[in-house]
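Quick notes on the structure that follows.
The values are calculated or read from the model by the stated rules, or taken from the named source; none is laboratory data. The structure presented is a predicted model; accordingly, all values stated were derived computationally and were not measured. Positions of Cβ are backbone-derived with ideal geometry, glycine not excepted, and every protein chain shown enters the neighbour counts.
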There are 2 protein chains.
Amino acid sequence: MPTPFCLCQCKMCRVPGSLHCHSHPNCGAPRHRPPTSPSTLAEPQVIHTLARLRADSGSHAPSVAQLECAIPGLVQIDACFLANPYATAEVMNRLQTIPAAQLARMVAHYPSQASVIASSLAPHIGVPAECLHLANGASEVIAALLANSPGRLLLSLPTFSAYHEFAAGPVMTLQLQDSEDFRLDLNRLEAMVRRASPQTVVIINPNNPDGGLIPHAELVGFVQRVHSRVNQIIIDESFSHFASETPPMSLAPLVPDLPHLVVVNSLSKSHGIAGFRLGYAVMSPERVYVLRHSALWNLNAFAEWFCGLLGDPEFHTDYETARRRYIRDTRALFAGFDELPNVKTYPSAANFALIELDRSAAEVVGALLARHGIYVRDCADKRGLDGRRFIRVAARTREENRSVLHGLRSVLEQPPIHPLATAVRQRQFRSDVVASARFG
Amino acid sequence: MPTPFCLCQCKMCRVPGSLHCHSHPNCGAPRHRPPTSPSTLAEPQVIHTLARLRADSGSHAPSVAQLECAIPGLVQIDACFLANPYATAEVMNRLQTIPAAQLARMVAHYPSQASVIASSLAPHIGVPAECLHLANGASEVIAALLANSPGRLLLSLPTFSAYHEFAAGPVMTLQLQDSEDFRLDLNRLEAMVRRASPQTVVIINPNNPDGGLIPHAELVGFVQRVHSRVNQIIIDESFSHFASETPPMSLAPLVPDLPHLVVVNSLSKSHGIAGFRLGYAVMSPERVYVLRHSALWNLNAFAEWFCGLLGDPEFHTDYETARRRYIRDTRALFAGFDELPNVKTYPSAANFALIELDRSAAEVVGALLARHGIYVRDCADKRGLDGRRFIRVAARTREENRSVLHGLRSVLEQPPIHPLATAVRQRQFRSDVVASARFG
């Protein structure tokens, strides 16, 4: 529990029983020194180092770069990270052939303003240019949308924590239930909208961290029914490219007719380019106008170059091949999860799955990293998830997925060091039911 | 003049007699089509294309990438752009040797959070890590600092327009006079502070667009005197690396003792890496804390990589050599400006000079671009500069500077097509006086 001396509200200090952050000004917990020689790190030290790095990351998981810095050579497979590696490979093929003179110009010069890049990208996305705002990652546009709407915000939980953390006003939550596979009940959400008249409603589809999918037609119906009651309906489609081998379904084409609808997308996941920082929102021209005038040169030269690539038909063809291949490998990984001992895997239409454990997530994450070099997401800090019994595992390449399955099985077959003493141990894991409920 | 149908307040529509923007929702001016065949462009068409691109850029000058797109192959020398090309070359030498696997990891993965990168960069900048906030370009941190301070903002004019445009509250201005070489009188500024108690005061040193320098000791004295009267004193040192061949003077070391002081720096100019988008502010830990919690993953992978480079002693040595070489070439360019016919050049301690013309800036900018492929900054939209009689010309490599001088001389020796009929023609250009007043 946080000591009376710790007034910090960061994600590390909030989690009951966790190590403290030791970094924010209000954290009063005594400082621990990190191990001085990474080569001598044992499993408990890996767990402690992970906890320390999570605190330093401010929010969200530590990056592989941070892990590399703290424990060089430890991470062999990054299954924390939610992106398509085959798409990255397609981008790399093009990036490495940029002529030196062009690259020097990209490095030296200011990129174009986001409005200029949006004009050229809009036809590719299939929306009017005046409805497209490009951002320094989806997180930038999420922060701006919420900062401009300080009224009540309605979210389901668990969900992507940035929506909660960037809220500028009171947050109302609809708690998703593990007993219902975290399924979002749109009728309940609609009732909350009618009762409480929030300024903003957010739905991530498929949701993060569980991957639950709302069918397109149901979501369209919901948005049309509540549209006049809410000032801003944000639909985050960051994982929509993983939901089906058929072309992704988007609500973006509805924006010109539904001025309160905002469709957010992150290209980091679908196209494997998180390092470029590029995301967008499709929304009314009035909303675009406001955001464009609050940022200057917010896209870097590599994001601008990549936007040009998105308009290249040959790249598009290769990307679609990479997307379908990744979806097939992801489904094979999920089938493997259903064979794991002592866990429940939740149905997912995204490129990751939420796995419920019979022991603490920190124990499994540390063991996977220390013994197998596999990095998965400890969900202990996720609002709306009960405690520390969940990990989120992302799909990688087919070969890496095999290693992830092998590592997970090896760790989970061992008796737990710190078995969970609460509800989890009493749960009946129903992997047969889960498997039949899987999407796609 | 704007027609009664145009309610747009963008920089294009604000300038009396200019072409309109044709792009913002409130612009009612009839649309012009761009020329269909760039190869047939004549000088008036270049001028028109430039005007159209400036409107589309939202604010600030169109990028070379936009010009390339509109008129391929036209720009040979970008003397609009304010960065050290020798520093870019040093960065390129390192960028091109990144191993493919590392580059792929940079592209695919989320970079570290800004707080993590700041911890490793702080020793290089010579400030405590908790006082350093890294941003997606200096413009991001400027926008955030002003958004969080909606009280009165005191600026001198002319200055970098972002400070005016990002203001969240009323703006008070101290007009700098061309008759005084745009020198900022700190006594007058201090009197305004005492009289009006602004929440924020901004000083850019050297100033943009004229390059005027306030000596370090005078600025320190001013900050210490007004510190208790202002909530936020922003000193923007984006051009400080060009002021002298001796190591740059910074107010950043004073921040731990002066909690209202904020020192902003853009690495785009000094290190020639505008495409990476990287800037910072040194300020109190409390201010850093607020900004860190309003942005996620705001730095891209290339900016993170470059921060690592800043800590490399070998790179530092090579950068310092590049910096001193660039300053010498800049001074030689300025000496050349003093020989130009029919202009006045203002004293500058930056890497650019403000030049006052006997004809419209648009005419000179268009002629330089169409006839010589040289792109310089038309200052017609700069608040606090009288009309359209100023251009700002940046130093490039020694060879490019020679071409710029040749092009300028060639254009200015021709009789003006549209001579300025107002005060400018009555001015006595005093290049001998200006030359003796030059810094350094």
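A few notes on this one:
- Scope segment B:157-185; condition within 21 Å of B:Ala349 (Cα to Cα) and in contact with a Lys or Arg (Cβ under 9 Å, 6 or more places away or on another chain); matching residues: B:Leu157, B:Pro158, B:Thr159, B:Ser161, B:Leu174, B:Leu176, B:Gln177, B:Asp178
- Positions within segment A:395-413 being surrounded by 13 or more Cβ atoms within 10 Å (Cβ to Cβ), of a type outside the set (Gly, Ala, Ser) and farther than 14 Å from A:Ala370 by Cα, in sequence order: A:Arg396, A:Thr397, A:Arg398, A:Glu400, A:Asn401, A:Arg402, A:Leu405, A:His406, A:Arg409, A:Leu412
- Segment B:52-74, residues that are modelled with pLDDT of 85 or more and surrounded by 20 or more Cβ atoms within 10 Å (Cβ to Cβ): B:Arg52, B:Leu53, B:Leu67, B:Ile71
- Selection from segment A:115-133 of residues that are within 24 Å of B:Ala303 (Cβ to Cβ), hydrophobic (A, V, I, L, M, F, W, C) and more than 10 Å from chain B (Cβ to nearest Cβ): A:Ala118, A:Leu121
- Any hit, segment A:244-257, residues being assigned to a loop (DSSP other than H, G, I, E, B) and closer than 22 Å to B:Gln113 by Cβ: no
- Qualifying residue in segment A:100-114 (condition: surrounded by fewer than 22 Cβ atoms within 10 Å (Cβ to Cβ), more than 9 Å from chain B (Cβ to nearest Cβ) and either at pLDDT 90 or above or over 22 Å from the mean Cα position of the chain (by Cα) (or both)): yes
- Restricting attention to segment B:286-304 and to residues that are charged (D, E, K, R) and farther than 25 Å from A:Cys69 by Cα, the residue that is nearest to the other protein chains (Cβ to nearest Cβ) turns out to be B:Glu286.
- Odd one out for A:Gly311 among (1) surrounded by fewer than 24 Cβ atoms within 10 Å (Cβ to Cβ); (2) free of Cβ contacts under 8 Å to residues at least 40 places away in the same chain; (3) not polar (S, T, N, Q): (2)
- Output for segment A:83-94, where each listed residue is at the interface with chain B (Cβ under 10 Å from one of its Cβ atoms) and either surrounded by fewer than 19 Cβ atoms within 10 Å (Cβ to Cβ) or not hydroxyl-bearing (Ser, Thr, Tyr) (or both): A:Ala83, A:Asn84, A:Pro85, A:Ala87, A:Ala89, A:Val91, A:Met92
- Complete set of residues in segment A:250-283 that are of a type in the set (Lys, Arg) and at negative phi: A:Lys269
- For segment B:212-249, taking the residues that are of a type in the set (D, E, K, R) and in contact (Cβ under 8 Å) with a residue 60 or more places away in the chain, the one that is nearest to B:His316 (Cα to Cα) is identified as B:Glu245.
- Evaluating A:Asp381 against the criteria (1) under 17 Å from A:Leu53 (Cα atoms); (2) out of contact with any Lys or Arg (no Cβ under 7 Å at 6 or more places or on another chain); (3) not hydrophobic (A, V, I, L, M, F, W, C) leaves one unmet condition, (2).
- Subset of segment B:392-401 that is in contact (Cβ under 8 Å) with a residue 60 or more places away in the chain and assigned to a helix (DSSP H, G or I) - its residue that is farthest from B:Glu43 (Cα to Cα): B:Arg398
- Condition check for A:Pro253: more than 18 Å from the chain's Cα centre (by Cα) and modelled with pLDDT under 95: no
- Among the residues of segment A:134-152, the ones that are closer than 26 Å to B:Ala162 by Cβ and either away from every other protein chain (no Cβ under 12 Å) or without any contact (Cβ under 8 Å) to a residue 24 or more places away in the chain (or both) come to 6 in all.
- Of the residues making up segment B:56-86, those that are within 18 Å of A:Pro111 (Cβ to Cβ) and aliphatic (A, V, I, L, M) are B:Ala61, B:Val64, B:Ala65, B:Leu67, B:Ala70, B:Val75, B:Leu82, B:Ala83.
- Residue in segment A:250-268 that is farther than 16 Å from A:Leu146 by Cα, touching a residue at least 60 places away in the same chain (Cβ under 8 Å) and within 10 Å of another protein chain (Cβ to nearest Cβ) present: yes
- Checked against the criterion of being at pLDDT below 95, hydrophobic (A, V, I, L, M, F, W, C) and more than 27 Å from B:Val393 (Cβ to Cβ), segment B:278-291 contains one or more residues that satisfy it.
- Identity of the residue in segment A:355-396, among the acidic types (Asp, Glu) and modelled with pLDDT under 95, that ends up farthest from A:Leu340 (Cα to Cα): A:Asp381
- Of all residues in segment A:318-347 being hydrophobic (A, V, I, L, M, F, W, C) and in contact with a strand residue (DSSP E or B) (Cβ under 9 Å, 6 or more places away or on another chain), the one that is surrounded by the fewest Cβ atoms within 10 Å (Cβ to Cβ): A:Leu340
- Residue within segment B:212-227 that is within 22 Å of B:Val393 (Cβ to Cβ), surrounded by 17 or more Cβ atoms within 10 Å (Cβ to Cβ) and modelled with pLDDT of 95 or more present: yes
Yes or no, residue by residue, for (1) out of contact with any His (no Cβ under 7 Å at 6 or more places or on another chain); (2) under 28 Å from B:Trp305 (Cα atoms); (3) at the interface with another protein chain (Cβ under 9 Å from one of its Cβ atoms):
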| residue | (1), (2), (3) |
| --- | --- |
| B:Pro72 | yes, no, no |
| B:Gln76 | yes, no, no |
| B:Phe81 | no, yes, yes |
| B:Gln96 | yes, yes, yes |
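- Candidate set: segment A:332-391, residues that are assigned to a strand (DSSP E or B) and among the hydrophobic types (A, V, I, L, M, F, W, C); chosen: the one nearest to the chain's Cα centre (by Cα): A:Phe352
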